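These notes are about the structure you will find just below.
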Amino acid sequence: MSLLSVIVPCYNERENVSYFYEEFRKNDAFFEEKKLDIEILYIDDGSRDGTAGEVKKLREKDERIRLISFSRNFGKEAAMYAGLQKSKGDYVVIMDVDLQDPPALLPEMYSYMEEGYDSVATRRVSRKGEPPIRSLFARLFYRLMDKISQAEIMDGARDYRMMTRQMVDAILAMSEYNRFTKGIFGWVGFETKWIAYENIERVKGETKWSFWKLFKYSIEGITAFSTAPLTIASFIGVFFCIVAFLAIVFVVVRKLLFGDPVSGWASTVCIILMVSGVQLFCVGIVGQYLAKTYMEAKKRPIYLVKEEL
Ligand code: UDP
Ligand code: MG
C-alpha cells in the first residue's frame, strides 16, 4: 500500500474544517480501489477561533487525521513547509481548507501520477468572483515574474499540487526563510502535468489576503527568484551618467560660446528632484535585497509547533 499525505493549512477556518473533511471523504472509494492509505495533516497556523478544537473532534472519529498547531500565525508558506516536513506519504498533496481546491480533482491528479509524472499542478483559468483590480494586478505580476525570474511560474497557478516523495524532499532541501513556494515548485523542476479549472469561491469565511498583503507577497516572490531589479538599478545609474556627461559637454560649450548669464533655476530644481528620486528608488531596491539577506542570515526557524497529534 502507498500512503498519500494531504496537507491542509488552516488559519481561522473553524467552519471549514469539517466541510473539507466531508468533501474529501467522497473520494474514499477511489482511494480504497487504488489501495492508497491516507493521512490528513491539518496545519493550524495560529488560529484563534477554535480551529484546532474542531480538528481534534474529527480526529476522535477518524485516526487518519493529524493536527499540527503553531505557536502563532506564521503564514501559509510556513504552514505548507511544516506540512511537507511532517508528512510521511509516498505522495503528498497540498490543499486549501476552504474548498477552493476541489477534492473532486484528486482521482484525476492521482491517475497522472500513476502515469509517471513527478507532480500534478493546478491553475485557475478564470478569476470570477474576484475584484477586477485584483485580477489585473495578479495577471501583471505573473507576466512580470515570467520575464524576470529563472523559475517558471504559470499564470493562475495554485498551491494545489500533488507530488512524489522525491520532489517533496527536493523542496524541503530549500530551507530558505523567505519562502515563495510557487517559485520553489518551478525551480526544483521535475515533470509536471498542469490541470486547469474554473475559479471556485470559498465556502465559508473570508479570504486572508488583503491587497496590501498580496503586494508584499509579490515583492517577496520577485526578490526571492530574481535579481533583475538590481540590474535595472545599475542600468538606470549608467543611463543617468551618460545624460550627465552630455549635459556637461552642452553647458561647457554654451559657456565658451555665449558666456554665462544666470538662469535655469527651474530646470536645476527639476533635475535635482528627479535624480534624487531615482537614487532613493534604487537604494530602496538594494535595501529590499539587503533586508531579505538579513532575515536569511538570522536562520530563524520557519515555524514553531505548539501541539502535534
Ligand atoms: N492560510 C494559512 N495561514 C495564513 C493565511 C491563510 O494557513 O496566514 C490558509 C487558509 O486557511 C486557507 C489557505 O491558506 O486554507 C488559503 O487562504 P485564503 O483562502 O485566505 O486565500 P485565497 O484562496 O483567497 O488566495
Ligand atoms: Mg481561499
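The values are calculated or read from the model by the stated rules, or taken from the named source; none is laboratory data. Note that the structure is a prediction, hence the values are computed from the model and not measured. Neighbour counts are summed over all protein chains in view; Cβ atoms, including those assigned to glycine, are modelled from backbone coordinates with ideal geometry. Ligands, DNA and RNA are stripped out before the accessible areas are found, and what is left, the full protein with its side chains, is counted by its heavy atoms. Shrake-Rupley method; radii C 1.70, N 1.55, O 1.52, S 1.80 Å.
Measuring with a 1.4 angstrom probe and ignoring ligands and nucleic acids, Asp146 comes out at about 90 Å² accessible. Sum up the charges of everything whose Cβ sits under 12 Å from the Cβ of Asp37, counting Lys and Arg as +1 and Asp and Glu as -1, but leave Asp37 out. Net of charged neighbours comes to -1. To the nearest 0.05, what FRET efficiency results for Cys270 and Ala228 with a Förster distance of 30 Å applied to their C-beta separation? Computed FRET efficiency for Cys270 and Ala228: 0.55. For the chain, the share of accessible area belonging to carbon and sulfur comes to 61 percent (1.4 Å probe, ligands and nucleic acids excluded). For chymotrypsin sites (Phe, Trp or Tyr not before Pro), the sites in the stretch 160-232 that DSSP calls loop and that have at most 12 other Cβ atoms within 10 Å are Trp209. Considering only Val97, Met295, Val262, and ranking their Cα positions along the charge dipole of the chain that arises from unit charges at the beta-carbon of Lys, Arg, Asp and Glu, the one farthest toward the positive end is Val262. For the pair Phe281 and Lys57, the difference between a 0.36 nm per residue extended length and the Cα-Cα distance amounts to 75.4 nm.
Put simply, the amide H of Asp118, placed in the peptide plane, has neighbours under 5 Å in Glu191, leaving out anything fewer than 5 places away on its chain. Summary value for the stretch 103-185: 35 percent relative contact order, contacts being C-alpha pairs under 8 angstrom separated by 6+ residues.
Can you give me the C-alpha center-to-center distance between the stretch 72-128 and the stretch 195-268, rounded to a whole angstrom? If you average the Cα positions of each part, the centres end up 36 Å apart. Across the protein chains, with a 1.4 Å probe defining accessible surface, the residues Val275, Val286 rank Val286, Val275 from largest area downward. Rg ratio for the stretch 1-85: its Cα radius of gyration over 2.2 N^0.38 Å, N being its residue count, equals 1.08. Ordering Ile236, Tyr142, Gln85 by Cα displacement along the dipole of the chain toward the positive end leaves Ile236 in first place; charges were set at the Cβ atoms of Lys, Arg (+1) and Asp, Glu (-1). Its DSSP H runs of at least 4 residues, each contributing -39,500 (n - 2.57), put the calculated 222 nm mean residue ellipticity of the chain at -17000 deg cm²/dmol, to the nearest 500. According to the Kirkwood relation over distinct C-alpha pairs, the hydrodynamic radius of the chain is 22.2 Å. Under the combined filter of DSSP loop state and at most 10 neighbouring Cβ atoms within 10 Å, the stretch 1-86 retains these GluC sites (Glu not before Pro): Glu63. As I understand it, the value is the acute angle between the Cα axis of helix 265-298 and the longest principal axis of the Cα atoms of the chain; what does it come to in degrees, rounded to 10? Once rounded, one gets 30 degrees. Looking at the stretch 277-309, which trypsin sites (Lys or Arg not before Pro) are DSSP coil and have at most 14 other C-beta atoms within 10 Å of their C-beta? Answer in residue order: Lys299. Taking the longest Cα principal axis of the chain as reference, the axis of helix 228-258 is set at about 10 degrees.
Per residue, the solvent-accessible area of the stretch 3-79 (1.4 Å probe, heavy atoms of protein chains only, all protein chains present) comes to 45 Å².
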